[in-house]
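Trainee: This is the structure I want to talk about, given as structure tokens.
What follows is calculated from the coordinates using simple rules that are stated; it is not laboratory data. Please read all numbers here as calculations on a predicted model, not as lab measurements. Neighbour counts are summed over all protein chains in view; Cβ atoms, including those assigned to glycine, are modelled from backbone coordinates with ideal geometry.
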Ligand SMILES: O=C(O)c1cc(=O)[nH]c(=O)n1[C@@H]1O[C@H](COP(=O)(O)O)[C@@H](O)[C@H]1O
């Protein structure tokens, strides 16, 4: 078991600042963290990060950087200088890219976590084959997670269905940040490889990225409580 403080990260997948802040106003920063992704950040920029931080939220800036080492390192630095709690890159950018990002991060005060995306939960074996990877997604996740750990990063984004395998293969402190979480009372929607909050924690997830089951609930704060009580029961 890898229980952490405040394991729920609410994905604020909104097109603009107003609805994102409306949702944030219905959430308690003492109970959950929030995630800002590409759409919201591209439209609103650092202002949305600052507005959410001002309300007391720990913020995961989910921009999944993937470029040459110098470019990614500078982008990670810019994120850390915004004071975000967590930022991410694509592990497939390779060891030199991840190490450069980590070195740059070490020069910024604060303790922003740096994690890497392994294989997106939307990708299947056939998608990997089309980009020249003739292996099972699970195997690619294993490889990229090991590379991420060897490169010194804090953890990976992966499907909770891969968490158990990663806990068996990778020892020590290593965050497994898992989307595709669906409490029994929520609709699966477009997510395919899903797990309940309790099962995700049971198999070794550290943080649960939860979007619509919370943001589309009639009472989002109560939905956070429901997820937390499931987690507490493990
Ligand atoms: O990096 C992510 O957060 C992410 C990676 C991944 O492989 N799959 C995935 O669903 N996500 C994100 O996790 C969130 C899941 O939202 P819901 O499906 O609404 O719970 C969305 O913000 C996705 O963009």
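Trainee: Per residue, what volume in Å³ does the convex hull of the Cα atoms of the chain enclose?
Mentor: Details: hull volume 27.7 nm³, N = 234.
In the chain, the Cα hull volume divided by residue count equals 119 Å³.
Trainee: Using Cβ counts within 10 Å as a stand-in for footprinting exposure, how do 57, 41 rank, fewest first?
Mentor: If I rank by nearby Cβ atoms, fewest first, I get 41, 57.
Trainee: In whole angstrom, note down how far apart the Cα centers of the range 199-234 and the range 49-64 are.
Mentor: About 19 Å separates the Cα centre of the range 199-234 from the one of the range 49-64.
Trainee: Taking neighbour counts of Cβ atoms within 10 Å as a proxy for exposure, in what order, fewest first, do 85, 185 appear?
Mentor: Numbers: 85 19, 185 10.
With the fewest neighbours first, 85, 185 line up as 185, 85.
Trainee: Tell me, 142, 43 in order of fewest to most beta-carbon neighbours within 10 Å?
Mentor: Least to most surrounded, the residues fall as 43, 142.
Trainee: Moving to a separate point now. Relative to the present Cα-Cα distance, how much length would full extension add between residue 68 and residue 95 at 0.36 nm per residue of separation?
Mentor: My answer for the length gained is 8.6 nm.
Trainee: Anyone know which of 196, 71, 148 comes out most mobile in the 10 Å Cα GNM of the chain?
Mentor: 71
Trainee: Suppose we look only past 18 Å in the calculated P(r) of the range 1-113. What percent of the Cα-Cα pairs does that tail hold?
Mentor: Working: 3167 of 6328 pairs.
That fraction is 50 percent.
Trainee: Among 123, 98, 23, determine the one that fluctuates most according to a GNM of the chain built with springs between C-alpha atoms less than 10 Å apart.
Mentor: 123
Trainee: Which residue, 181, 194, 135, has the most motion in a Gaussian network model of the chain that connects Cα atoms within less than 10 Å?
Mentor: Most flexible of the set in this elastic network: 135.
Trainee: Simple spin-label model, 7 Å along Cα-to-Cβ: residue 26 to residue 185 in nm?
Mentor: Label at residue 26, label at residue 185, 1.4 nm between them.
Trainee: Find the relative contact order for the chain and round it to a whole percent, using C-alpha pairs within less than 8 Å whose residues are 6+ positions apart.
Mentor: Relative contact order, the chain: 19 percent.
Trainee: So if the hydrodynamic radius of the range 1-66 is defined as the Kirkwood radius over C-alpha pairs, what does Stokes-Einstein give as its diffusion coefficient at 37 °C and 0.692 mPa s, in µm² per second?
Mentor: The estimated diffusion coefficient comes to 271 µm²/s.
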